[in-house]
Amino acid sequence: MTNIKQEKYDRAYLRMALEWAKLSHCKRKQVGALIVKNRMIISDGYNGTPTG
């Protein structure tokens with residue numbers, strides 16, 4: 001795959017991670033994450049509020 005095409009995929013995955021981060025209820029830090037292998041999303045998620 002060309003570098004330009006890969007960069008487009010990378011940017012799309014980063015945008016998706018930012019959308020996941022918006023779902024976090026933590027006030028100090030919202031974090032979204034994607035695990036991607038061979039252009040296939042394996043897992044996604046976001047952080048929650050710490051206990052305590």
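Derivation of every value follows stated rules applied to the coordinates shown; laboratory data play no part. All figures in this text were calculated on a predicted structure; none of them were measured in a lab. Virtual Cβ from ideal backbone geometry, glycine too; neighbours counted across all protein chains shown.
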Next item on the list: For the range 23-40, name all the residues that are free of Cβ contacts under 8 Å to residues at least 24 places away in the same chain, surrounded by fewer than 13 Cβ atoms within 10 Å (Cβ to Cβ) and more than 22 Å from GLY52 (Cβ to Cβ).
Entry: ILE35, LYS37, ASN38, MET40
Notebook entry, point to check: Among the residues of the range 10-52 satisfying the criterion of being in a loop (DSSP other than H, G, I, E, B) and hydrophobic (A, V, I, L, M, F, W, C), which is nearest to the chain's Cα centre (by Cα)?
Noted result: VAL31
Next item on the list: Working carefully through the options THR49, THR2, find the one that is touching a Cys at 6+ places or on another chain (Cβ under 8 Å), without any contact (Cβ under 8 Å) to a residue 60 or more places away in the chain and either surrounded by 13 or more Cβ atoms within 10 Å (Cβ to Cβ) or not basic (Lys, Arg) (or both).
Entry: THR49
Next item on the list: Mind listing whichever residues of the range 29-52 are under 18 Å from TYR9 (Cα atoms) and among the hydrophobic types (A, V, I, L, M, F, W, C)?
Entry: ALA33, LEU34, ILE35, VAL36, MET40, ILE41, ILE42
Note to self: If a residue must be under 15 Å from ILE41 (Cβ atoms) and either aliphatic (A, V, I, L, M) or touching a helix residue (DSSP H, G or I) at 6+ places or on another chain (Cβ under 9 Å) (or both), how many such residues does the range 1-18 contain?
What the structure shows: 5
